[in-house]
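Asker: I have a structure here, written as structure tokens, and I will follow up with some questions on it.
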Amino acid sequence: MAVAEEEEVIIVGAGQSGIAVAACLSLRGVRSLVLERDDCVGSLWRKRTYDRLHLHLAKQYSALPHAPHAEEAPTYLPRDEFARYLDGYAARFAVRTRLRREVRSAGFDAGKGRWEVEAVDLATGRRELYAARFLVVASGENDERFVPEVPGLEAFPGTVVHAAEYRSGEGLRGKAVLVVGCGNSGMEIAYDLAAAGAVTSISVRSELHLVTREIWNVAMSLYGYHVPAWIIDKLVLLMCAVVFGGDTARHGLRRPAVGPFTMKLTTPAYPVIDVGTYSKIRTGEIRVLPAGVKSVRGNVVEFADGRRHPFDAIVLATGYRSTVRRWLRSDDGLIGDDGMAARPYPEHWKGGNGLYCAGLVRRGIYGSYSDAELIAGDISELLRPQQTHSNGSNK
């Protein structure tokens, strides 16, 4: 039987949340090990994002603990620069990682007072066992791509890609392309396709709030001064009316009844940051199809409202889902059935028996920042009596 490797803290996931927790623990003198399924830290930013992506939040809201972005850095960091920032962050704080390790199970042994974690080295297929007093789930909300079941989609004769595989509109000039999904990725990919000369359509089934980066930065600043969400909502919607010219519904983009900032705080939905998509919708360069996809027959897509249109390619901007519940054996209520934090902010991050989660409450990079500080502070406090006793016994 393999002997478990003893660690103080095991962190699952080397994205922004995982390495932030590890760094904050390191600064408090607590040793941790990060297990990561991919072959690099921050793999989302390197392997599952489109080329033109820039962070939607200004750099002051997009830094990890103890490492603000440089003054000369652009206000909205491009994807590759943020990926380099994550590399430098992990190196600066000597984050210990084991890459290409897929966690298959993790459960708490009450008799031993330890979390027992089983992982597989994907390079060799070798099974590895770890034991730790604390376990941090930081595998992210964008863990596994979600592809909806659409009758006939598998026989579509053109190209079908998930947004995770889309990089640019190169080679699609003059092609009819359908983007399925109207979140931030879908709307920005639609813009990218139209800019590249594709005949672009986007399926918009849901209501959404459309804002600009600048408007959302104002909202974030006001929230930092503890301005009530309902006041922020009113100000944001007033600014949106000025920028977007009134009712976006006449162009197929219906706003929810609940305000954008309240929606962000109370639901999983994010406002859509407009990068120029709405202008192309108004000019007709991007066609809005206000219904979900019902079926596909040949190259013709049928929508829920009965309309049918032919396409050469389809981009599925249909999001991701967490896989935590497949490997985490815990029923203490910290992680919900969807693999995300079951409790609302700010009570979301700590469970029982030394279990924590980071980056699973849909608060973006600034959520990773606060989760890391809370978790590292709590663990170091719990270890303090043990450390004090050890130091005293050595005198």
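Asker: Regarding the range 34-46, can at least one residue be identified that is in a helix (DSSP H, G or I), modelled with pLDDT under 95 and over 24 Å from Gly319 (Cα atoms)?
Answerer: no
Asker: Within the range 374-395, which residues are modelled with pLDDT of 95 or more and loosely packed, with under 15 Cβ neighbours inside 10 Å?
Answerer: Result: Gly377, Glu381, Leu382.
Asker: Scan the range 1-20 for residues that are not aliphatic (A, V, I, L, M) and not in a strand (DSSP E or B) and jot them down.
Answerer: Correct list: Gly13, Gly15, Gln16, Ser17, Gly18.
Asker: Turning to a different aspect of this structure: Output yes when any residue across the range 119-135 is crowded, with 20+ Cβ neighbours inside 10 Å, within 25 Å of Ala163 (Cα to Cα) and touching a helix residue (DSSP H, G or I) at 6+ places or on another chain (Cβ under 6 Å), and no when none is.
Answerer: No, there is no match, as no residue in the range 119-135 is crowded, with 20+ Cβ neighbours inside 10 Å, within 25 Å of Ala163 (Cα to Cα) and touching a helix residue (DSSP H, G or I) at 6+ places or on another chain (Cβ under 6 Å).
Asker: Residue by residue through the range 74-112, note down the ones that are part of a loop (DSSP other than H, G, I, E, B) and either on the phi < 0 side of the Ramachandran plot or touching a strand residue (DSSP E or B) at 6+ places or on another chain (Cβ under 7 Å) (or both).
Answerer: Hits for the range 74-112 are Pro74, Thr75, Tyr76, Leu77, Phe93, Val95, Arg96, Leu99, Arg100, Ala110, Gly111, Lys112.
Asker: State yes or no: is Ala119 assigned by TED's automatic domain parsing to the domain that holds Val21, among the aliphatic types (A, V, I, L, M) and closer than 30 Å to Ile273 by Cβ?
Answerer: no
Asker: Within the range 218-276, can you find the residues that are of a type in the set (Phe, Trp, Tyr) and either farther than 24 Å from Leu289 by Cα or not in a loop (DSSP other than H, G, I, E, B) (or both)?
Answerer: Once the filter is applied, which keeps residues that are of a type in the set (Phe, Trp, Tyr) and either farther than 24 Å from Leu289 by Cα or not in a loop (DSSP other than H, G, I, E, B) (or both), the range 218-276 yields Tyr223, Tyr225, Trp230, Phe244, Phe261.
Asker: Look at Pro68 and say whether it is without any contact (Cβ under 8 Å) to a residue 40 or more places away in the chain, in contact with a strand residue (DSSP E or B) (Cβ under 8 Å, 6 or more places away or on another chain) and either of a type outside the set (Phe, Trp, Tyr) or under 23 Å from Met340 (Cβ atoms) (or both).
Answerer: The answer is no for Pro68.
Asker: Check the range 292-304 and report whether any residue there is in contact (Cβ under 8 Å) with a residue 24 or more places away in the chain, aliphatic (A, V, I, L, M) and outside the structural domain of Ala163 (by TED's automatic domain parsing).
Answerer: No, there is no match, as no residue in the range 292-304 is in contact (Cβ under 8 Å) with a residue 24 or more places away in the chain, aliphatic (A, V, I, L, M) and outside the structural domain of Ala163 (by TED's automatic domain parsing).
Asker: Here is a list: Ser185, Ser201. Which entry is in the same structural domain as Ala269 (by TED's automatic domain parsing), part of a strand (DSSP E or B), hydroxyl-bearing (Ser, Thr, Tyr) and at pLDDT 95 or above?
Answerer: Result: Ser201 is the single residue among Ser185, Ser201 that is in the same structural domain as Ala269 (by TED's automatic domain parsing), part of a strand (DSSP E or B), hydroxyl-bearing (Ser, Thr, Tyr) and at pLDDT 95 or above.
The values are calculated or read from the model by the stated rules, or taken from the named source; none is laboratory data. Note that the coordinates shown come from a computational prediction; the quantities given were computed from them, not determined experimentally. Here the Cβ is made from the backbone with ideal geometry for all residues, glycine too, and neighbour counts use every protein chain on show.
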